[in-house]
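See below for the structure under consideration.
Every number in this text was worked out from the coordinates using simple rules, so none of it is lab data. In this text the structure is predicted, and so the values were computed from the model without any measurement. With ideal geometry, Cβ positions are generated from the backbone for all residues, glycine too; neighbour counts draw on all protein chains shown.
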Amino acid sequence: METTILVVDDEVKILEIIVPFLKQEGFKILTATTGKSALQIAKLEKPALVLLDWMLPEMSGLEVCRELRKTSSLGIIMLTARSDETDKIIGLEVGADDYLTKPFSLRELSARVRSVLRRIQGQLEESPIIQRGNLTISESKYQVWKEGREYILTPTEFKILFTLATKPGIVYSRLQLLQLAMEDDFLNYERTIDAHISHLRKKIEDDPTNPVYIQTVYGFGYKFGDGT
């Protein structure tokens, strides 16, 4: 069964390059040129991954990303001409799994796409349910509940949470979390893990400024608390 990817970009020349390449790579490709149409197509077709341009008519790629994250855990890779690291952090904070700066090589695009898809597929493999405090985490169903409410996490957020929750109390450095949750994609950007942690806390913590689940170990990294 073909994996469906939605490519969202208002530059025809970009679509003319990306779409044929990804089709040759074996993917089913859908396209959109505006943010609103991207949301409509994503809702109807439920792609596994979205390649999302930052600058779009009607609504920005960041706005589209935020909307997608309200209801979906599909993979999202932002495409942008912005190269500043602050912009990368912003993209990750709103829920993107990865970030590609234009111009990029098709080889790099393929590697990033397959990396995010591997993370998603990895969540679908059978594994036990973990109960930590009020959190229930099912890797096989790729779901997280807290007191009966389900929380929608990105693939990277889920991998970080599952990694930490599997061994509560064990301290992980940013680099270790990057290697375990994001493979080799961001090893030169250790601080990107902070953006994912921040977003994760906003979703699962009662008070993100005083977290009980995802705890900071200053000067080293993060650990999972008992949630009490």
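Here are a few things to note about the model shown:
- Label positions at LYS43 and VAL217, each projected 7 Å from the Cα along the C-beta direction, are separated by 4.5 nm.
- Computed from Cα atoms, the angle from the helix 155-166 axis to the main principal axis of the chain rounds to 20 degrees.
- Between 0 and 90 degrees, the angle of helix 192-204 with respect to the longest Cα principal axis of the chain falls at about 70 degrees.
- Range in the chain, longest, excluding exposed chymotrypsin sites (Phe, Trp or Tyr not before Pro) [loop by DSSP; at most 14 other beta-carbon atoms within 10 Å]: 105-217
- Over 22 Å (Cα to Cα) - which of LYS203/LYS223; LYS70/LYS159; LYS46/LYS202; LYS36/LYS203; LYS23/LYS70 fall in this group: LYS46/LYS202; LYS36/LYS203; LYS23/LYS70
- Additional length obtainable on full extension of the chain from ILE14 to SER138, 0.36 nm per residue less Cα span: 40.8 nm
- Estimated dipole of the chain in Debye, rounded to 20 [Cβ of Lys and Arg +1, of Asp and Glu -1, Cα centre]: 360
- Here the range 1-83 is treated as a sphere whose radius is the Kirkwood value from Cα pairs; by Stokes-Einstein at 25 °C and 0.890 mPa s it diffuses with a coefficient of 195 µm²/s.
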